[in-house]
1. Can you tell me which residue is most open to solvent (accessible area, probe 1.4 Å) among those in the range 86-105 that are touching a Lys or Arg at 6+ places or on another chain (Cβ under 9 Å) and of a type outside the set (Asp, Glu)?
2. Among the residues of the range 177-184, is any more than 24 Å from the chain's Cα centre (by Cα) and either modelled with pLDDT of 95 or more or polar (S, T, N, Q) (or both)?
3. Report every pair of residues separated by at least 6 positions or lying on different chains whose Cβ atoms are under 7 Å apart, first residue within the range 191-212 and under 26 Å from residue 249 (Cβ atoms) and in contact (Cβ under 8 Å) with a residue 12 or more places away in the chain, second among the acidic types (Asp, Glu) and open to solvent by less than 60 Å² (accessible area, probe 1.4 Å).
4. Considering only the range 319-342, state which residues are touching a Pro at 6+ places or on another chain (Cβ under 8 Å), hydrophobic (A, V, I, L, M, F, W, C) and either over 20 Å from residue 357 (Cβ atoms) or assigned to a loop (DSSP other than H, G, I, E, B) (or both).
5. Right, residue 138: hydrophobic (A, V, I, L, M, F, W, C), in contact with a Ser or Thr (Cβ under 6 Å, 6 or more places away or on another chain) and at pLDDT 90 or above or not?
6. Quickly run through the range 133-150 and pick out the residues that are crowded, with 24+ Cβ neighbours inside 10 Å and either of a type outside the set (A, V, I, L, M) or part of a helix (DSSP H, G or I) (or both).
7. Do we find a residue being open to solvent by 20 Å² or more (accessible area, probe 1.4 Å) and at pLDDT 50 or above anywhere in the range 490-512?
Amino acid sequence: QSHGSLPGAVRGDRAGGGGAGAGRGVKGAAPREALPEPPPPAASSAGSGAAGSGPSAGGGSGRALTMSPHTRGLYKEFCTVLRGKENKGEGFGVLSAFVEQCLAQLPEMVHWRVHLELADLSKREQRFRDARMLYRRAAELQPQAPQPWLEHAKMEEERGHFARCQLILARGLHHCPHNESLLLKAIKHHERMGDLLAARGLLGQLGGVSVDRAWRALLEGALLEARTANVATARRVFKFLLHHAHWCGPVWYEVCRFEQRCERNAHALALAEQGLAHLPRYGPLWFSALRLLECVVAPQDGLLERARSLVQRGARAISKDLVWKLWFEYGRLEERAGGAKTARAAFVHSALGCPRNLRWKVWLGGSRTELAYGQLETAQALLDRALIEAPAKVRGAVRLERARLAEVSGDVAGARAELRAARRECRHEWKVFLEAVLVEVRAKKPSRALREARRALRVHTGTGRLWAALIQLRPRLAPQTPPAHAGGACGNGALDGGASDGRGGTGAGPRGGSGGNEATSARGAVDARHAEESAEEAGGARVWRGGAQHVRIFREALQEVPKSGEVWAEGARICLDPTTSAFNPAAARRFLDFAIEFTPQYGDSFVEYLRLHLILRSSTEEVAHLVQLCVNAEPNYGTLWFHCKRSLLLSTRQVLLVAHHLLTIELEKQAPLYEAAMRRTGFEGYTLDLPLLNKEAIPAELMPSSHLVEDSRVLPGDFTTGSLTLNRMIRNVESLAFEQRRALIYGGDQLIP
């Protein structure tokens, strides 16, 4: 193509990449500006019609959004040069002048795309007023394109301007009533704001649209009803979709997940088999069926035979790129079922079909299996092979696995050496830095752990889990006596949420916020700016006495990672430590609301919230709400979470039940501490009233170790997390049995092929 019509700067200097990105995690407050008036009532309901895709689904002429090859080449070259100039560090003024120069040369039909590029650049430079005007200009030039509306709404949502976001989405759907992306975004936004009627209203307008165009929106509607515990309604929508969209793999997959979350595993397995009969080439459904089969069938009832038959069928049907992963998962299933030889054979199948650049994952999986059976030398040999075959950018993951194996074997020096090598080879991998901190914690070297944490944060300043590890580094060895009287230290300030009931916030979840944004705090939407302001007040010296250093680190962390759920959870743990004057249930509730909103996948936040509910003697409705939030979030990491998840087959509800038993037993042993702390915060005559447990009915493997719970001493590390047992296990790793030590060091970190 000839690009002579563009300025000379475009014809040369090819660097960077094209396309508009979306900046994340921006901070600061944007000036308030008047928004355009919403469309008339018929349009402000966020449009009508089904969700569609493609150029013609924007609500107008698809021809207006389609570029000719020549125009596409000009626009692509413009984006390339713009990215190159940005990567070279040229200022916003220079870039803006360059864009204005190109606008005079580029065809008018792409001007809206150019404004979108400049708006995205303005957002990354935190020039939010300019970005807002540019998004509006792009929408004016091409109102039938969904991208300007979506990107503008996303920016306003990230800034905490939820009312603006809603208006923008409404206007976008007025101009693009059939656009799938806008419709789904609007539904999720209404759900987050707690306006379920508006979300259902959008779905109700799909009545006259064919299912093949509306199935994604209907599927989102079914998931919405499931997240709000309207199980019967969700099941009816799923049934409708299965009947009219049985050719759609994601529908079958989500139906199986829904039934599994409802703990109807047998029914979910039957649905998975039906789905495989219709769509044998849909890979995710085979993996779902394999997991469900392990949940439904016991090893003594023919699990291994049925699982092997399922895998063999799947290997003949699915893409070759997925076959090795299916054998990998089958190998892990065999390991859990106790079939060592068949597990090894499955990993052989996986290795034979695996691409060479991914084969190191198979060796890691085989190493975990050998470790489970106590074959340390074989596990080490497999890791040696993985290190040889792993590409340079993933050698850190292999080094991390080798360090864990060395620590399990009792070779702490070897673990340190592996992690030093990992930090040299893969400085981009924050997990090896975190593991270096945890190794020193388990080795009872808090000063070295502190040094490693600070070193890690110099490299990975924006990693919340590293900041959380730093906050957790409290003195762990010297005996401590809890304060007899705190002198009313928590009587004032932001942490005082009211001594009458200790409830300072509303529930939060992955799609439901907690109080604190400028316009919708009553509906539970979280604003990161408000969260930072809460932390500023929470760190006041008048409130925090006896833990100033920890609070200082907490505040420092929030300045760097204000949207890290792990950091907010650590703030809540500080507020739930009954041995310090920082104990404050109201602040803990508020911090946990933020933690769940920002990082719903972090399971520790839900367990800590459950501890808070037990301390406050919350109603059954509040606990049920927390359980539903947790089921919706499906947490997948957290040391405390996996301490309660004793088996990978446990559902989310079952994990919370185990956590409830564990916390009840531990709180009972520490009742005097919590009662004294609650009385210090204004709960006169408070007595810890825990639910009765039939301990004889609880399986022995789910009970905490008696020698860890019965110890009456209170040491400074006992309340680092919500589980007294876990904290003491970390402090006494060398005295644990091999299986306990292995579970603690690996911490539920799952290998995903």
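The values are calculated or read from the model by the stated rules, or taken from the named source; none is laboratory data. Just so it is clear, the model here is predicted, and its values are computed rather than measured. Heads up, the Cβs are rebuilt from the backbone with ideal geometry, glycines too, and the neighbour counts pull from every protein chain shown. Remember, those area values only see protein heavy atoms, side chains included, never the ligands or the DNA or RNA. Shrake-Rupley method; radii C 1.70, N 1.55, O 1.52, S 1.80 Å.
1. It comes out as 94.
2. yes
3. So the pair list comes out as 199/191.
4. The answer is 337, and nothing else.
5. On the way: hydrophobic (A, V, I, L, M, F, W, C): yes; in contact with a Ser or Thr (Cβ under 6 Å, 6 or more places away or on another chain): no; at pLDDT 90 or above: yes.
Answer is no for this residue.
6. Just the residues of the range 133-150 that are crowded, with 24+ Cβ neighbours inside 10 Å, to begin with: 134-135, 138-139, 145-146, 148-149.
Passing the criteria: 134, 135, 138, 139, 146, 148, 149.
7. Within the range 490-512, not a single residue is open to solvent by 20 Å² or more (accessible area, probe 1.4 Å) and at pLDDT 50 or above.
A quick yes/no check of all residues on (1) of a type in the set (Asp, Glu); (2) touching a residue at least 12 places away in the same chain (Cβ under 8 Å); (3) crowded, with 19+ Cβ neighbours inside 10 Å; (4) assigned to a helix (DSSP H, G or I):
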| residue | (1), (2), (3), (4) |
| --- | --- |
| 253 | no, yes, yes, yes |
| 258 | no, yes, yes, yes |
| 266 | no, yes, no, yes |
| 276 | no, yes, yes, yes |
| 288 | no, yes, yes, yes |
| 309 | no, no, no, yes |
